[in-house]
1. Among the numbered criteria (1) part of a helix (DSSP H, G or I); (2) farther than 15 Å from residue 40 by Cα, which one does residue 86 miss?
2. Of all residues in segment 1-55 being small (Gly, Ala, Ser) and farther than 13 Å from residue 91 by Cβ, which is farthest from the chain's Cα centre (by Cα)?
3. Any idea which residue in segment 17-30 is modelled with the lowest pLDDT, counting only those that are part of a helix (DSSP H, G or I) and exposed (fewer than 10 other Cβ atoms within 10 Å of the Cβ)?
4. Does residue 33 fit the bill of being within 22 Å of residue 139 (Cα to Cα), modelled with pLDDT of 95 or more and not acidic (Asp, Glu)?
5. From the set of residues in segment 17-35 that are of a type outside the set (Gly, Ala, Ser) and in contact (Cβ under 8 Å) with a residue 24 or more places away in the chain, which is farthest from residue 98 (Cα to Cα)?
6. Run residue 14 past the list (1) in contact (Cβ under 8 Å) with a residue 12 or more places away in the chain; (2) assigned to a loop (DSSP other than H, G, I, E, B); (3) not basic (Lys, Arg) and report the number of the one that doesn't hold.
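The values are calculated or read from the model by the stated rules, or taken from the named source; none is laboratory data. Note that this is a predicted model, so its numbers are computed, not measured. Every residue, glycine as well, gets a Cβ built from its backbone with ideal geometry; the counts of neighbours run over all protein chains shown.
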Amino acid sequence: MADTLRQRPQYRNIHITQIRQYRLPPAGWVSILHRVSGVLMFVLMPFVIWMFDTSLTSEVSYASFTSVFKAGAGVLPGWFFKLVALALIWAYLHHFVAGVRHLWMDMTHAVSKEFGQTSAYATLGISLALTVVLGAKLFF
């Protein structure tokens, strides 16, 4: 009888050297990216404040604001500022969609493995699709 019982897998913490071999589930990636997007929004807060202030102060400041995205400022080219704005767009959209996912799971008590996986894929797809749409508007 003991031979017919399957051994249960043993779970243990992984070492930092094993991180490349570890396969993180989609919900894990969404969780990590949720944290990364929150940190990115916090770090880019001075850029957001600069954009808000420069775009609303006057017509002259708005013209200088738009010229930064076209011609650049100082040694940084315009495409660099567009990439920073695109990173901010992604961070906001991913953080928002992942937050809605968490709220939905909290309200409905949907904590199954299947729902976690499908909602993680939906979160990644929706946030990336919206980022592509708004990024296309930013670059073209």
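1. All conditions pass for residue 86, except number (2).
2. My answer is 2.
3. Step by step, filter segment 17-30, then rank; the result is 18.
4. no
5. Across segment 17-35, the extreme among qualifying residues is 25.
6. Result: residue 14 passes all but (1).
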